[in-house]
1. Helix 260-269 against the longest principal axis of the chain: what's the angle in degrees, Cα atoms only, rounded to the nearest 10?
2. Expressed as cubic angstrom per residue, what is the convex hull volume of the alpha carbon set of the range 1-67?
3. Among 331, 227, which comes first, then next, by fewest other beta-carbon atoms within 10 Å?
4. Considering the chain, what Rg and Dmax in Å follow from its alpha-carbon atoms?
5. Which residue fluctuates the most in the chain, going by a Gaussian network model with Cα springs under 10 Å, if the choices are 310, 323, 54?
6. Let me understand the range 188-345 better: what is its radius of gyration from the alpha carbons, and its Dmax, in angstrom?
7. Rounded to the nearest 0.05, what FRET efficiency is calculated for residue 24 and residue 166 with R0 set to 51 Å and r the Cβ-Cβ distance?
8. What angle do you read, to the nearest 10 degrees and between 0 and 90, between the alpha-carbon axis of helix 111-128 and the longest principal axis of the chain?
């Protein structure tokens, strides 16, 4: 259920340096904003840290978010921060439970924008089933930041059936991508470049943990690896896997799902969808014997309804990713060089 609540009356219309002082203004900002919106039993203790009880092995991930613009079609930096952290923990085969959340605010940030980001964080947490248990707030001088940066850390319990390890990958394994690629990157770039399409291209930012847990429940050790191809896109992530396993990856170009408008936008902007960022897509490398069943299961989830087997692990061309086209031609797809889309997450 999406949270909808009126913004309280703050003493200031904009973030001031005083809001980072640790004094009265800081406390008013936290009381009327952060603690009120993100209220839960552990955060309510307002301690310097949090006491957590987790059984068994844990997965731990940390991330920072500096996206520009901070509001974009399909979400905002707050939702992105929660989803990105949840997904990183889920890619480890774990059930995300707790998040830390730290803000670096720029003096002059409108209170209305900060409030909308807090509400986005709360909605994303509720959807993912996680809670914010601790955090921090700092303010920097105007011109020394860019409205807001967010740092997060996520913790989760490793699923009892998970055996996610790159060393499990073997020749013959299939590569499945969960959804249409490049949507997030193009949603951001379309805003930056002022491009208009028949329908608005929205970021695919979402939590993936519920789908991952369901897959592990049913298929367990047949799933050898999960990865989310965020910065650097599908190509860079697969190149990392090929390099680290010293195996080859052979892709079928015609099988890689890309939205028609996204593909057109990539052509206009001179971008390659294979290198364009995603925020709601994951790669699963799975046993060949169960690949078709896993693909079918993934398609039952809203966030992976375009799931497709796009390639396989091979002992040919070790440490390289090669893609075949409809004419049977092949080309090497290398890792991204430089920054195609800066400030994308």
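Every number here is computed from the coordinates shown, using simple stated rules; none is lab data. Just so it is clear, the model here is predicted, and its values are computed rather than measured. In this analysis, Cβ positions are derived from the backbone assuming ideal geometry, glycine residues included, and neighbour counts consider all displayed protein chains.
1. Its long axis makes an angle of about 80 degrees.
2. 183 Å³
3. Lowest count first: 331, 227.
4. Spelled out, the Cα radius of gyration and Dmax of the chain are 20.9, 68 Å.
5. Looking only at 310, 323, 54, the biggest GNM fluctuation is shown by 54.
6. 16.0, 46
7. Rounded to the nearest 0.05, the efficiency is 0.50.
8. Helix 111-128 sits roughly 50 degrees off the main axis of the chain.
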